[in-house]
Amino acid sequence: MEEIDRIIFDELTKGIIDSDSKKSLLGIMNRMHSEDHCEGIILGCTELPLIIGPEDTEIPLFNTTEIHADGIVEYALNGVDNQPSGLAGLLAT
């Protein structure tokens with residue numbers, strides 16, 4: 001967790017994208033997937049998609065910024081309806 005915090009606060013928030021940090025994050029994600037049996041990774045910090053994307057891993061990623069933005073646009077265009085949106089919509093597909 002300390003390494004993730006360091007990458008976010010010492011690098012990403014300052015616009016620094018370091019390939020070694022990307023390798024470190026991917027290593028953490030792969031360990032979580034193989035050892036902890038995690039089925040997906042939530043990119044719950046707005047800076048994480050700056051360095052990690054779906055092209056970097058086969059592990060499903062959930063970009064919370066994108067999920068929230070999609071939900072806001074859906075609401076703005078269509079209002080509230082019974083269709084699942086956001087993470088619920090992703091999981092329903």
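All of the numbers you see were taken from the coordinates with simple rules; none came from a lab. Bear in mind that the values here come from a model prediction, so they are computed numbers and not experimental data. Every residue, glycine among them, receives a Cβ derived from its backbone with ideal geometry; neighbour counts consider all protein chains shown.
Return the residue satisfying two criteria in turn: it lies in the stretch 33-54 and is exposed (fewer than 11 other Cβ atoms within 10 Å of the Cβ) and not small (Gly, Ala, Ser), and of such residues it is nearest to HIS68 (Cα to Cα).
Step one: list which residues in the stretch 33-54 are exposed (fewer than 11 other Cβ atoms within 10 Å of the Cβ), which gives 34-37, 39, 44.
Going one step further and asking which of them are not small (Gly, Ala, Ser), we end up with 35-37, 39.
On the way: GLU35: 30, ASP36: 27, HIS37: 26, GLU39: 21 Å.
Only one residue tops the list, namely GLU39.
Only residues that are β-branched (Val, Ile, Thr) and within 10 Å of GLU47 (Cα to Cα): list them for the stretch 7-16, please. Full working, then the answer.
Start the filter on the stretch 7-16 by keeping residues that are β-branched (Val, Ile, Thr), which leaves 7-8, 13, 16.
Once the filter is applied, which keeps residues that are β-branched (Val, Ile, Thr) and within 10 Å of GLU47 (Cα to Cα), the stretch 7-16 yields ILE7, ILE8, THR13.
If you check PHE62 against the conditions, is it surrounded by 13 or more Cβ atoms within 10 Å (Cβ to Cβ) and among the aromatic types (Phe, Trp, Tyr)? Don't jump to the end; show me each part of the working.
Numbers: surrounded by 13 or more Cβ atoms within 10 Å (Cβ to Cβ): yes; among the aromatic types (Phe, Trp, Tyr): yes.
Taking the combined requirement at face value, the residue satisfies it.
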